[in-house]
Amino acid sequence: MKPRPAMCLHLIFDLDGTLVDSAPGILASLTHAFAATGLCPRLPLGTEVIGPPLRETIAHLSGSTDPATIAACVDHFKAHYDDTGVLATHPYAGIPEVLAQLAGSGTRLHVATNKRIGPTRKILSQLGWDTRFSSVYGIDTPPGFDAKARLLKALLEREGCAARHSLYIGDKRADYNAAAQHGLDFVGVRWGYASADELAGLPTVADAPALLAYVQRWQRRAGISPHSERNAPL
């Protein structure tokens, strides 16, 4: 195997609310799952519920502490989402162009998401992004993770990403918190599912062109040529 260069820049993307708008499919599948199990969600099923791992989301929304009830609701969600909901996913405006330009810059691109790896890869495939990313990590990537911070830790270690040369891009404060635990730089996107003031005090961008400009400035500040290595899967 060809050895990796000693230094390389890494861009790690959240998926839902960052690269793609998956809310229509997720919310439709949540509605189906609650109806199928006879549960009534305690909160309105809006975009603010999107982000945490599925089981955590359903437990919070249902208010149930019964593992069997939560598991049944999770199973109904998975069946509906994997068959139907996943298809109602679209990239945010300008994101395909941003990814195309960044993929040609030599910086390695990764995905780290609380979504399961199966539907994540299905979304990337249907958008034609199969080869855009050097690695893709979901919440159930073996051995499975219970928090975004642990998921990021595994990605950094397995893919040889130095934290000081890595930027995490997400739409929620929880994404920032996970990145901060490992010393990663972070930028938030304001088109996602965060509440109005959730990203207050953090570096943010308002649209895809602004994201590209931010990343290019970050590349220069990192002090490493982003052309040191092509972005090819490991």
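The values are calculated or read from the model by the stated rules, or taken from the named source; none is laboratory data. Values in this document were obtained by computation on a predicted structure and should not be read as measured data. When we count neighbours, we look across all protein chains shown, and the Cβ atoms used for this are built from the backbone with ideal geometry, even at glycine.
Give the residues of region 20-49 that are under 20 Å from R121 (Cα atoms) and loosely packed, with under 15 Cβ neighbours inside 10 Å, sorted by residue number. Within region 20-49, just P24 meets the criteria.
When the residues of region 183-194 are filtered to those that are farther than 16 Å from T113 by Cβ and not hydrophobic (A, V, I, L, M, F, W, C), the one that is surrounded by the fewest Cβ atoms within 10 Å (Cβ to Cβ) is G183. The condition of being over 17 Å from the mean Cα position of the chain (by Cα), surrounded by 17 or more Cβ atoms within 10 Å (Cβ to Cβ), modelled with pLDDT of 95 or more and not in a loop (DSSP other than H, G, I, E, B) holds for only one of Y214, Y168, Y176, that being Y214.
Test A147 against the stated conditions and say whether it is at pLDDT below 95 and under 16 Å from the mean Cα position of the chain (by Cα). Yes, satisfied. Against the criterion of being free of Cβ contacts under 8 Å to residues at least 24 places away in the same chain and surrounded by fewer than 19 Cβ atoms within 10 Å (Cβ to Cβ), L87 does not qualify. Is it the case, given these coordinates, that T69 is touching a Ser or Thr at 6+ places or on another chain (Cβ under 8 Å), of a type in the set (V, I, T) and surrounded by fewer than 20 Cβ atoms within 10 Å (Cβ to Cβ)? The answer is yes for T69. Residues in region 131-147 that are touching a helix residue (DSSP H, G or I) at 6+ places or on another chain (Cβ under 6 Å) and assigned to a loop (DSSP other than H, G, I, E, B) were compared, and the one that is farthest from A180 (Cα to Cα) is R132.
Checking T131, T141 one by one, the residue that is in the same structural domain as G17 (by TED's automatic domain parsing) and touching a residue at least 60 places away in the same chain (Cβ under 8 Å) is T131 and no other. Of the conditions (1) at pLDDT 95 or above; (2) surrounded by 19 or more Cβ atoms within 10 Å (Cβ to Cβ); (3) in contact with a helix residue (DSSP H, G or I) (Cβ under 6 Å, 6 or more places away or on another chain), T107 satisfies every one except a single condition; which number is it? The failed condition is (1).
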